[in-house]
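Data block below; observations after.
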Amino acid sequence: MTASSQRKQHAFVIRQLTAREFKRKYTRSYLGVVWSVLNPLLSMAVLSLIFSQLFRRSIEHYPIYYLTGYILWQTFTGATTSAMTALVDNKMLLLKVKFPMELFVLTRAYTALINLAYSLVAYVVMLLVFQISPKWTMLLSPVVFLCLFLFSLGLSYLLSVAYVFFGDVKHLYTVVLTLWMYCSAIFYPVEQIQGFIRAVIETNPLYVYIHCLRKAVMLGTLPTYAEWLQMLLWAFGMLAAGTLLFRKSRNRIMQRI
């Protein structure tokens, strides 16, 4: 089989697996994929009702501020939590078929990216509602999304390997995500935090992606060179680490499964 035909086969497999993931996710749901649009809006409405008065002096257009962080956070958590169990969930397929097992993890991360695309429909509507003027820096948004996807994919590879050998990783990761969320400044301004905790937040990759997207969309400013460097290093560094560990563990995964 030539490399070209192999790529086409893998692309076909990813499409089929992605379609299966969507059907599984929205089984018994009348609205289906519409929830990908409604969910960020409902979350924005609730959090804005609670915090908009608290932060109205320090954050202009608080609902957009929160929604920008939320859709990136939702994409990240959706990709990593679902991809973590991808190998175990597809045990029978792994034993029967011969295409790369990486595709199962990639498919779930890719599914989260597609959900992001639907969420962006709600996001654009809210930008219009709050009269956020179009800025050329918004064209940089896909770069932020790509970096987030690569970072999520790399971490997904690490988590999927860990889950095969240590099932408790799933519960531990839930606790880690709670702490991670509060360290990502999704619903509060980081300027109100000082000292060591602020340093932790500003080096948090999720905060970097959220902050850069807010700057591009709400302020019309470019990320600094340091922020560009952080985004790229986190994305490609995590992807490289995840891919390396996954490939080294492939044989042990098959034996354990």
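The values are calculated or read from the model by the stated rules, or taken from the named source; none is laboratory data. Quick caveat, the model's predicted, so the values are computed rather than measured. We place every Cβ from the backbone using ideal geometry, glycine too, and count neighbours over all the protein chains shown. For the accessible areas, the whole protein counts, side chains as well, though only heavy atoms, and no ligand, DNA or RNA atoms are used. Shrake-Rupley method; radii C 1.70, N 1.55, O 1.52, S 1.80 Å.
For the range 180-239, give me each residue that is more than 16 Å from Y66 (Cβ to Cβ) and among the polar types (S, T, N, Q).
Q194, T203, N204, T221, T224, Q230
For the structure I just gave you, tell me whether L113 is among the aliphatic types (A, V, I, L, M), out of contact with any Lys or Arg (no Cβ under 6 Å at 6 or more places or on another chain), assigned to a helix (DSSP H, G or I) and open to solvent by 30 Å² or more (accessible area, probe 1.4 Å).
Taking the combined requirement at face value, the residue satisfies it.
Mind telling me which of the residues V164, V190, V176 ends up being within 30 Å of D89 (Cβ to Cβ) and in contact with a helix residue (DSSP H, G or I) (Cβ under 6 Å, 6 or more places away or on another chain)? If you could, list the steps in order and put the result at the bottom.
Values: V190 fails: within 30 Å of D89 (Cβ to Cβ); V176 fails: in contact with a helix residue (DSSP H, G or I) (Cβ under 6 Å, 6 or more places away or on another chain).
Exactly one of V164, V190, V176 is within 30 Å of D89 (Cβ to Cβ) and in contact with a helix residue (DSSP H, G or I) (Cβ under 6 Å, 6 or more places away or on another chain), namely V164.
Do you know which residues across the range 67-92 are among the aromatic types (F, W, Y), open to solvent by 10 Å² or more (accessible area, probe 1.4 Å) and touching a helix residue (DSSP H, G or I) at 6+ places or on another chain (Cβ under 6 Å)?
Y70
Report the residue count in the range 104-140 for those that are touching a residue at least 60 places away in the same chain (Cβ under 8 Å) and under 14 Å from the mean Cα position of the chain (by Cα).
Residues that pass the stated criteria total 10.
Restricting to the range 121-159, give me the number of residues that are in a helix (DSSP H, G or I) and open to solvent by 60 Å² or more (accessible area, probe 1.4 Å).
Total meeting the criteria: 9.
Does any residue in the range 66-77 that is closer than 8 Å to I186 by Cα and at pLDDT below 95 come within less than 7 Å, Cβ to Cβ, of a residue that is of a type in the set (G, A, S) and in a helix (DSSP H, G or I) six or more places away or on a different chain, and which pairs are these?
That search, which allows pairs on different chains as well, returns Y66/S48; Y70/S43.
Among I201, I197, I210, which is modelled with pLDDT under 95 and open to solvent by less than 10 Å² (accessible area, probe 1.4 Å)?
Answer to the selection: I201.
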